[in-house]
Amino acid sequence: MLHAKGPLLTVDVGERTATEAEIDDLLAETVGGRATATALAHERIPFDAEPFGPENRAYLSTGPLQQSQMSFTGRMNMTGLSPLTEGLVSTNAGGYLSRNFVEAGISVFEVIGESDELLAIHVTDSGVEFEEVPELEGATVPETSDYMAAHHDLGPEHCIAIGPAGENLVRFASVMTFDSRAFGRGGLGAVLGSKNVKCVTFEGDADAAPEVDVEIPNPPEMDIHREAATSDDRMRRQGTTGGTEFINDNFSLPTRYFEGYEFEDADQIGGNAVEEKKYKKGACSACAYACKLPTRDEERGVETEGPEFETVYAFGSMHGVGDIVDVMQANELCDNYGMDTISAGVTVAAYLASEDEFGNAELAQEITEKIARREGVGDTLAEGVARCHDDLGVENLTVKGMEFAAHDGRVLHGQGLSYAVANRGADHMYAGMLSLEYAGELDPEGTLGKADVLVDQENHNAFRDTGIVCAFGGDYVTEERLETLFDADYEDILEVGKRTIERERHFNNQRGLDRADDVLPYEIPDLEDAVAEYYDARGWNDDGTVPETTDAVASSETAVPSDD
Ligand code: SF4
């Protein structure tokens, strides 16, 4: 099967050392991206590690397609032990980083240890440099980018960076690239913050790094590109916000901290409202689909990229706020401070519920800034809803500590089942049940009989994050084309995804997560029986654990190099 190439680069920020390890066998088995990083994390992060301890590790990884010029491939994976869920998370960001990362001559970047000083790390094809950057303490993400441009002549397409939220260990801090693209979910920005890593840059010369060269099959690549460039999908104009009104009409847009399922002002913050504020096209590297949303409002002096649909939900309907410019401002705050807009918005919604202040966008933004800086009540809220809901006197509406994405599981029951069993909690990118239920391919009502589909969806998405293909390219990078691109049967492709899910689950099991954690904070029909069906379809034990004899768990021990 086609797979990424190149060594694993490990950087110990405490010791200020950098070492390379050859991982060809591991890449041949795991392809790249999320699967490779998960296999490494499974073996190299101690099961009893503290998320903010030096023994936790953060991985940045590419797949083989990041060397192509194919649409839907300008993306990167990041994996680590989450301070929000206490389990493994993988998160995925677009932008322009992937090509620069590959040209630095590596396939996976691993950070361990803990530095005494705030650091920037510079990775090139000729080595690694550590730079102490005390002057960047408390800097926003754009301020950090400006510093790298001024001192190193490197634009934000070369960088990952954290903002004040990551430095302050906000449990849902993101890692940002290209200023506005987020490795959002699960708080890996706080993991970098705990290591005192402010920024990492990547640059190199492709010709100087032949060890990473991957030959990509050409014909499907060109068709995909042409179709992406000529598509008249609404998403090309409105990004993910194009579905807002449809989702609202399907009673799946949670409103006012889950008080309701539909928002009376959805049209004020949906796709048409965002398109009115869009002033140019935006894309990720090499992507002709170009669905990104540079927006601005001159009257109020706001300029940002987005908001995407999940931000419209988290800072719009969940706050009872029906003004798109307010949502744009909140989006900009989260990007600058380096926070996941979903968890931040939902946590602020919990605060607004506790204060009976829905509709108060000004207060929401004030609280958002306080969270990033851990000032006042922001210090409490920075822990996330699962840890602060008692203080607020509101319900803990999370799964495994992760705040819900939109796409209400109380209405889309298969999606609810997915939220319950997902290794990373209430995240909508883990499986695609919501799409099937919106499209009517699956009846949204009921959970029984959906386990086999859910397993396939999870395995598919795990491979998608491995290859790596953008989640919005599904209509173009079809199963058949995946087979051609990866020179593999679709069954074998799903098998790579399956092993990844099993390794995540096994890791989490060792940390004590099991059936008791595969639950929802609200009732949907037959959930307990559906979870049992899911375990059965996966071949797992009745208590939600992965059998020790499972192939993926045993085989990674041999393929992953030791770091002794
Ligand atoms: S479809 Fe949109 S998000 Fe995906 S790679 Fe292309 S521009 Fe980026």
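The values are calculated or read from the model by the stated rules, or taken from the named source; none is laboratory data. Keep in mind that what you see is a predicted model, and the values were worked out from it rather than measured. Backbone-built Cβ (ideal geometry, glycine too); neighbour counts: all protein chains shown. Surface areas here come from the heavy atoms of the whole protein model, side chains and all, with no ligands, DNA or RNA. Shrake-Rupley method; radii C 1.70, N 1.55, O 1.52, S 1.80 Å.
Only residues that are open to solvent by less than 10 Å² (accessible area, probe 1.4 Å) and either among the β-branched types (Val, Ile, Thr) or not in a loop (DSSP other than H, G, I, E, B) (or both) were counted in segment 23-50, giving 16. Only residues that are within 16 Å of the ligand (Cβ to nearest atom), part of a loop (DSSP other than H, G, I, E, B) and in contact (Cβ under 8 Å) with a residue 60 or more places away in the chain were counted in segment 445-474, giving 3. Taking segment 96-116 as the range and being under 18 Å from the mean Cα position of the chain (by Cα) and at pLDDT below 95 as the test, only 98 passes. Filtering segment 121-132 to residues that are in contact (Cβ under 8 Å) with a residue 60 or more places away in the chain, within 20 Å of residue 162 (Cβ to Cβ) and either in contact with a helix residue (DSSP H, G or I) (Cβ under 7 Å, 6 or more places away or on another chain) or surrounded by fewer than 22 Cβ atoms within 10 Å (Cβ to Cβ) (or both) leaves 122, 128, 130.
Identification of helices (runs of 4 or more DSSP H) wholly contained in segment 217-324 with 1 or more residues that are surrounded by 18 or more Cβ atoms within 10 Å (Cβ to Cβ) and within 13 Å of the ligand (Cβ to nearest atom) yields 219-230, 234-238, 309-315. Residues of segment 51-67 include at least one that is surrounded by fewer than 24 Cβ atoms within 10 Å (Cβ to Cβ), more than 19 Å from the chain's Cα centre (by Cα) and under 19 Å from residue 104 (Cα atoms). Residue under question is residue 54, and the condition is that it be part of a loop (DSSP other than H, G, I, E, B) and without any contact (Cβ under 8 Å) to a residue 24 or more places away in the chain; does it hold? No; evaluated as a whole, the condition is false for this residue. Residue under question is residue 194, and the condition is that it be touching a Leu at 6+ places or on another chain (Cβ under 9 Å), in the same structural domain as residue 60 (by TED's automatic domain parsing) and under 14 Å from residue 344 (Cα atoms); does it hold? No; evaluated as a whole, the condition is false for this residue.
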